[in-house]
Amino acid sequence: MEGGTEGKLRGNTRESRLSRRQKLVLAAVGAVMLIVLIIGLGLGLGLRNRGGGGDEPETTQPPAPQPTAVWQPAVNTSWQIILNAKLDIDPDRPAVVPDVEVYDIDMFMHQNSRVISSLHKLNKKVICYFSAGSYEPNRPDSDKFPDADMGSVMEGWPDEKWINISSPAIREIMVGRLDIASRMGCDGVDPDNVDGFQNKNGLDLKPEHSVSFMNFLADEAHNRKMAIGLKNAGDIVKTMLPKMEFAVNEECAEFKACPIFSPFIKAGKPVFHIEYPDGAPFDTDGDQKDEYCSAPGAEGFSTILKAMNLNFGAEYCDGSTVRTKVLP
Ligand SMILES: *[C@@H]1O[C@H](CO)[C@@H](O)[C@H](O)[C@H]1NC(C)=O
Ligand SMILES: *[C@@H]1O[C@H](CO)[C@@H](O)[C@H](O)[C@H]1NC(C)=O
């Protein structure tokens with residue numbers, strides 16, 4: 001050990017001039033410095049393992065600047081939602097269509113991209129979508145879902161299964177997802193599939209399980225300075241409203257259930273409302289459009305007409321249609 005030898009030699013040259021007491025003090029100071037160094041190294045390694053370790057893909061983006069408070073969007077906030085593709089924005093010359101206030105995008109698809117910082121440069125807020133109540137294959141953390149926590153296959157989504165949202169293992173996975181969202185700079189999150197109790201789920205899920213799960217997710221999101229929305233789950237609107245910054249609803253007009261979500265509007269919080277009329281968004285059935293856009297109880301909702309696959313296209317109730325640029 002070169003360092004050790006050098007230290008000893010240097011010590012020897014000074015030895016004669018130092019009193020016994022001075023030597024003791026020096027030894028004590030040295031020991032304290034060594035302990036501080038060891039603790040410091042340990043902490044540094046620990047933190048590094050936490051940040052980039054595990055099976056999560058490394059993110060190459062610098063950490064996003066932390067906002068000082070949780071974002072509260074206003075009623076009638078305009079938006080676009082695209083979940084089946086990645087937005088195509090040139091980070092050096094950011095531009096995006098439509099010029100709405102909020103983009104709701106798939107979180108994992110935009111990991112390690114500069115899309116969110118580009119949207120921020122354009123003064124847009126970003127809601128990051130992920131599934132919180134279902135298992136999906138092919139997500140970076142899919143192998144973390146225990147078999148014991150899987151329920152029925154989701155109707156209409158043969159690759160996805162309902163999961164046990166009370167399981168500590170599942171909650172830990174979802175905290176990991178919120179950490180990703182936070183690192184990506186998402187202003188809010190749109191955790192989907194929290195209404196297992198309203199579906200055949202194979203896990204005996206009850207409304208109180210969803211309430212407990214949403215309270216948990218809301219606290220974790222707010223701790224990370226992110227807003228959170230209640231997705232569908234009409235039966236727990238009244239309970240969850242105080243903790244939510246917004247709602248995201250699919251097809252309340254189709255199912256004549258919009259009044260269930262209107263408490264959000266009365267509380268000054270937006271309802272991001274999606275309907276899927278035939279032919280939407282570029283050849284929309286006019287009668288359906290009129291019905292959905294003037295649905296009782298949907299006053300003040302931020303209504304958007306989309307194709308079921310939530311692709312680049314959208315129509316709004318004023319009749320305008322948009323095509324957002326996405327990567328092929
Ligand atoms: C809602 O927002 C749209 C623009 O997105 C605007 O044209 C309309 O006037 C707003 N409605 C209210 C009641 O503020
Ligand atoms: C779901 O997880 C909770 C907490 O671990 C457990 O008590 C419950 O039995 C699980 N439900 C099912 C259907 O396995």
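For the reader, a short list of remarks on this structure follows.
- On segment 207-328, 52 percent of the accessible area sits on carbon and sulfur atoms, based on a 1.4 Å probe.
- Pairwise FRET efficiency - Glu155 versus Lys325, Cβ, R0 = 30 Å, nearest 0.05: 0.35
- Looking at segment 79-323 alone, DSSP beta bridges between its own residues are antiparallel in about 25 percent of cases.
- Loop-resident sites, segment 199-290, for chymotrypsin sites (Phe, Trp or Tyr not before Pro), counting at most 14 other Cβ within 10 Å (DSSP): Phe255, Phe282
- In terms of distances greater than 31 angstrom between alpha carbons, the cross-link table entries Lys161/Lys256; Lys206/Lys325; Lys86/Lys144; Lys121/Lys225; Lys86/Lys238; Lys125/Lys306 yield Lys206/Lys325; Lys86/Lys238.
- Rule-of-thumb Rg ratio for segment 175-328 [Cα; 2.2 N^0.38 Å; N residues]: 1.09
The values are calculated or read from the model by the stated rules, or taken from the named source; none is laboratory data. None of these values were measured; they are calculated from a predicted model. Note that each Cβ is placed from the backbone with ideal geometry, even for glycine, and that neighbours are counted across all protein chains shown. Only protein heavy atoms, including side chains, enter the accessible area calculation; ligands, DNA and RNA are left aside. Shrake-Rupley method; radii C 1.70, N 1.55, O 1.52, S 1.80 Å.
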